[in-house]
1. Only one of L380, L385, L350 is surrounded by fewer than 17 Cβ atoms within 10 Å (Cβ to Cβ) and closer than 26 Å to Q264 by Cα; which?
2. Could you count how many residues in region 167-182 are surrounded by fewer than 17 Cβ atoms within 10 Å (Cβ to Cβ) and part of a helix (DSSP H, G or I)?
3. For the subset of region 210-267 comprising residues that are in contact with a Leu (Cβ under 6 Å, 6 or more places away or on another chain) and among the polar types (S, T, N, Q), which member is nearest to I145 (Cα to Cα)?
4. Looking at S153, S120, S197, S203, can you tell me which residue is crowded, with 24+ Cβ neighbours inside 10 Å and in a loop (DSSP other than H, G, I, E, B)?
5. Assuming V313 fulfils every condition listed in (1) β-branched (V, I, T); (2) over 30 Å from D122 (Cβ atoms); (3) surrounded by fewer than 22 Cβ atoms within 10 Å (Cβ to Cβ) apart from one, which condition is it?
6. With the condition kept exactly as written, say whether any residue in region 243-256 is among the aliphatic types (A, V, I, L, M), in contact (Cβ under 8 Å) with a residue 24 or more places away in the chain, closer than 11 Å to K97 by Cβ and in a loop (DSSP other than H, G, I, E, B).
7. Looking at (1) over 26 Å from K124 (Cα atoms); (2) of a type in the set (S, T, N, Q); (3) out of contact with any Asp or Glu (no Cβ under 7 Å at 6 or more places or on another chain), can you tell me which one T237 breaks?
8. Among the residues of region 97-117, how many are over 19 Å from Y288 (Cβ atoms) and either touching a strand residue (DSSP E or B) at 6+ places or on another chain (Cβ under 7 Å) or in a loop (DSSP other than H, G, I, E, B) (or both)?
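The values are calculated or read from the model by the stated rules, or taken from the named source; none is laboratory data. Quick caveat, the model's predicted, so the values are computed rather than measured. FYI the Cβ positions are ideal-geometry reconstructions off the backbone, even for glycines, and counts take in every protein chain you see.
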Amino acid sequence: MSIMKNTIFLFIILLFTAGACKKSVIEKTADCDKTYDFVTPNHPKAEAYQAILDKYVALGLPGVSLLVQDSDGVWMGSAGKADLENNVPMRKCTISKVASVTKFFMGTLTFKLIEEGVFSLDDKISKYLPKEIIDHVQNADKATIRNLLNHTSGIYDIVDDPTFYLNVLNNPSREWTGEELVHFIYDRDANFEMGTSASYSNSNYLLLSLVMEHATGKEHGQLLHEKILDPLHLENTVYHTFDRLPPNVAQGYYDLYNSGNTIQNLTDYFTGNGNGYNGIYSCTADLYTFLKAVFIDKTVISQESIDQMTGNVTPDPVNDERWFGLGCFRDFQTREDSTQYAFGHRGKDLAYSADLFYFPNQNVSFTYVMNYGANGDSYLRPTLLQFRNEVVDEMMK
């Protein structure tokens, strides 16, 4: 979601929250306590990484959990609060919404299905989707699975539509299906002629989830569990709304009024969870396990698929720092050392943020979950962006 798009959403929320009263999905975050045997004892950079967390919590971020895998091993830490209202600390085991990191999981699932012969990368999506969708979504008649994965379809982004937000906010507990959500992009002008440019669009992964379901006859949430979450034993990862949320999910926050001194709890504002582009909640240990299995151990998809995912990158016309791979980003491209780029995905939602990245040339990786949103232009947005860069700077020392 861009800042401009999110401004529309925030304005709508301001109109609706004054007298709103509803039961929260997570009324109080449960504390948790867990040790991890893959963590390196006495990691030499432990104090430096913890100091970064403490610094940015002191600057106003509610809570953050971080995992770093560098040349010295694996370090995990956390700081701040998972639940400010109930004084529940953010822990290493706290589960938080990872927002668009969901797309990395879905991209990986797509390649898994390609390897199984379910469909091909260059199949047109019209081969699988109902005629009604193809007739009413501009560029859908020409778009391929590849175009969805790397955002070159030109298809209108669902989060550009104010009507979508009004419906979500009018029905905060509604569990939307993909077939319902796709109506919000019916008969909307495409952003460009298919394949002539690139533009990040959540609709691409909404349509991708529908392709999976029509091609297999199974819910894509079931496919995600069968082929990725369950085989990797990601027991602290859920796909909401396909799965129920566990009690140790962090509350999500945002400075709705951009006041600089007050943040609001926006945990229950779901923007279409569980439909391909959003909805995974996880902890840093599970995220690292997934990343390691894909890019380091290479036990999820084949080397050929990894090469397709990471080797076919398309520049993002509005952001030099990231390029679009097939189901992932090639990110951190503006660093002084041009070899220090990473593959993975960012996650930026209204009240949550996350990163999950592997740097192939240095064989290092990091992931964090944070219960503060980075989409809107709040006073803490630059702080969050500085945080991710400072972590990478320390990793590269």
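1. L385
2. 3
3. Going through the qualifying residues, I end up with T237.
4. Selected residue: S153, the only one of S153, S120, S197, S203 that is crowded, with 24+ Cβ neighbours inside 10 Å and in a loop (DSSP other than H, G, I, E, B).
5. Every listed condition holds for V313 apart from (2).
6. So far as region 243-256 goes, yes, one or more of its residues are among the aliphatic types (A, V, I, L, M), in contact (Cβ under 8 Å) with a residue 24 or more places away in the chain, closer than 11 Å to K97 by Cβ and in a loop (DSSP other than H, G, I, E, B).
7. It is condition (3) that T237 fails.
8. The number of residues fulfilling the criteria is 2.
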